[in-house]
Amino acid sequence: MANSPATPVRLTLTSRGRSVVMVSALILATSTFAATFSAFNGAAASTTAVTAAPIAAEEIIVQPGESYWSIARAIAPGRSTQDVIDQIHELNPFAGATLQAGTKILVPVVK
């Protein structure tokens, strides 16, 4: 048997094949961009130090019918109610969305 030289084979892509190649290239480019952006964004976020100033607080006992909103309005009538509620949540990370009467919570001391 004689060895015959390899004959080059011509590859022909159908329109479906071209679509698959284009979509694959687009997915690869998008995922590469997303990974690169995520890496840079994560690096920037991890090097930024966020240090919140300590909040002076006092403990209160929630009375029947009180809510975060009513407590915030009562302890800081001149301030943004939502800001005070956010501080209450910072002071009580395990408190739920609603308050139960008799629960002890920390609230910011407003001067």
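The values are calculated or read from the model by the stated rules, or taken from the named source; none is laboratory data. A quick note: this is a predicted structure, and the numbers were derived from the prediction, not measured. Here Cβ is always computed from backbone atoms with ideal geometry, including for glycine, and neighbour counts include all displayed protein chains.
Structural remarks
- Listed by first and then second residue, the pairs linking a residue in the range 90-104 that is assigned by TED's automatic domain parsing to the domain that holds TRP69 and basic (Lys, Arg) to a residue that is part of a loop (DSSP other than H, G, I, E, B) and surrounded by 10 or more Cβ atoms within 10 Å (Cβ to Cβ), with Cβ atoms under 8 Å apart and 6 or more places separating them unless they lie on different chains, are LYS104/VAL62.
- Number of residues in the range 1-27 that are small (Gly, Ala, Ser) and modelled with pLDDT of 80 or more equals 5.
- Matching residues, the range 28-74, being part of a loop (DSSP other than H, G, I, E, B), of a type outside the set (A, V, I, L, M) and at pLDDT below 70: THR48, THR51
- Of all residues in the range 75-84, none are surrounded by 10 or more Cβ atoms within 10 Å (Cβ to Cβ), at pLDDT below 95 and in a strand (DSSP E or B).
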